[in-house]
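J.: Mind having a look at this structure? Questions to follow.
Coordinate-derived values only; no laboratory data. Predicted model only: the values in this text are computed from it and were never measured. Cβ atoms come from the backbone with ideal geometry, glycine included; neighbour counts cover every protein chain shown.
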Amino acid sequence: MEKSPTSVCFILNPAADKSRSARHAAWLRRQAEQRWHRFEVVLSTPDEPMKELAAKKAAEFDVIVACGGDGTVHQVVNGIAGIGTGFAVLPVGTGNDFAKSLNLPESREAILDLIQKNKFQNADLIRFKGDSEGWCVNTLGIGLDGLANHYSKSFHRIKGFIIYVMGALKASFKFRGALFSITSGPEKKDLSGEFLMVTVCNGKWEGGTFYIAPGATLFDGRADLVTVDKISVPKILLYMSCFKNGPATWMNALNTQKVTSLNVHAETAVAVHADGEQLGTEIHNLYITVERGILPVIAGH
């Protein structure tokens, strides 16, 4: 196998996949040795979190590879967004929603082969400011899914997508919706209402199993805004049970539209997550934009 002259840094999160991702380091070094002349495999530490580590390594390497789940991807991208460094994902974590939207091969060896080819596509990112500030690669969940994500963090002895399902079940009984003032785009189109869920989707999946935005793509300069009106708990549970197949035509409380920017104000404090990373449970105001083609990323066909 001919080695690539591109320099690559693999960043692993020891906490991803319930602490099992660190075991991949030795395997990854063997695989990388066959493919690149210059590479490094590093693990984040409490003294040097992934965001800071990624920013530092981006000045030393051509490509940064996030090895973990959506949380790892979120942290690494927040360290390198907007500077032009190449980015790739090697999914080894609990949730891999962004990796699915990239249409990556199932085999990790095949993903490494794809990274070695060094062919990038320019993906969009969601940028948010206001009561919290940062970048989002996949979904920004406000309301029900923000609270579901918050509760999912409490299930320490459970792994896999079931933690998101359990978090969503608990949130369904705790959160009954909020009044939102929402304006979209430079034309300030009014999208206000009383909603249970307001989710800005760059990717198609959320929570490992919820296929909430089938029409979303990472490469069109727009996000899918998915809103769910205030509905009863039984109907919430019915919606959730069907979301693995995507929204259905009978879901008349659900609406989806394309947006490029949003001003969101919640009359009462709500929970918000970005890519499964909790931003807070007392958020009122966010200004959200889609930054077109800002992230050079390795994607499948």
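J.: Convert each backbone phi in region 183-191 into a coupling constant with the Karplus relation 6.51 cos²θ - 1.76 cosθ + 1.60 (shift: θ = phi - 60°), then list the ³J(HN,Hα) values in order as whole Hz, x for Gly and Pro.
T.: These are the phi-based 3J(HN,Hα) values: 10, 10, x, x, 7, 6, 5, 7, 10 Hz.
J.: Ordered by residue, what ³J(HN,Hα) values in Hz, to whole numbers, does region 286-301 give under the Karplus form 6.51 cos²θ - 1.76 cosθ + 1.60, where θ = phi - 60° and Gly and Pro are x?
T.: 9, 10, 10, 10, 9, 9, 6, x, 8, 10, x, 9, 7, 9, x, 8
J.: If you don't mind, another one. What are the ³J(HN,Hα) couplings of region 244-250, residue after residue, when phi is run through the Karplus curve with 6.51, -1.76, 1.60 and θ = phi - 60°? Round to Hz, x for glycine and proline.
T.: Karplus-based 3J(HN,Hα) across region 244-250 equals 5, 9, x, x, 10, 5, 7 Hz.
J.: Would you compute, for the Cα atoms of the chain, the largest minus smallest coordinate along each principal axis and list the three values in descending order, in whole Å?
T.: 57, 44, 38
J.: Related question: Full extension from LEU237 to MET1: what is 0.36 nm times the residue separation minus their Cα-Cα distance, to one decimal in nm?
T.: Values: separation 236, 0.36 × 236 = 84.96 nm, distance 5.11 nm.
Between LEU237 and MET1, full extension yields an extra 79.9 nm.
J.: Moving to a separate point now. For an R0 of 25 angstrom, estimate the FRET efficiency from the Cβ-Cβ distance between LYS230 and GLU187 and round to the nearest 0.05. Intermediate results must be reported in sequence, preceding the final value.
T.: Values: r = 26 Å, r/R0 = 1.06.
The formula returns an efficiency of 0.40 here.
J.: Return the inverse of the average 1/r over all pairs of distinct C-alpha atoms in region 8-119, which is the Kirkwood hydrodynamic radius, in Å to one decimal.
T.: 13.7 Å
J.: Counting alpha carbon pairs within less than 8 Å and at least 6 residues apart, what relative contact order, in whole percent, applies to region 8-119?
T.: Details: 175 pairs, mean separation 32.6, N = 112.
Computed over region 8-119, the figure is 29 percent.
J.: Run the quick spin-label model on ASN245 and ALA25: label points 7 Å from Cα toward the beta carbon, then report their separation in nm to one decimal.
T.: About 4.5 nm, to one decimal.
J.: Can I ask one more? Suppose a student asked you for the relative contact order of region 80-239, using Cα pairs under 8 Å spaced at least 6 residues apart; what percent would you report? It would help to have the intermediate numbers written out before the result.
T.: Working: 247 pairs, mean separation 37.8, N = 160.
Answer for region 80-239 is 24 percent.
J.: So how many Å³ per residue does the convex hull of the Cα atoms of region 160-301 work out to? Could you put the intermediate results ahead of the total?
T.: Details: hull volume 18.2 nm³, N = 142.
With only Cα atoms used, region 160-301 gives 128 Å³ per residue.
J.: Assuming a viscosity of 0.890 mPa s and a temperature of 25 °C, what translational diffusion coefficient in µm² per second does Stokes-Einstein assign to region 193-262, Rh being the Kirkwood radius over Cα pairs?
T.: 197 µm²/s
J.: Additional query: Using 0.36 nm times the number of residues separating GLU52 and HIS37, minus their current alpha carbon distance, what extension gain do you get?
T.: Working: separation 15, 0.36 × 15 = 5.40 nm, distance 2.48 nm.
Gain in length upon complete extension: 2.9 nm.
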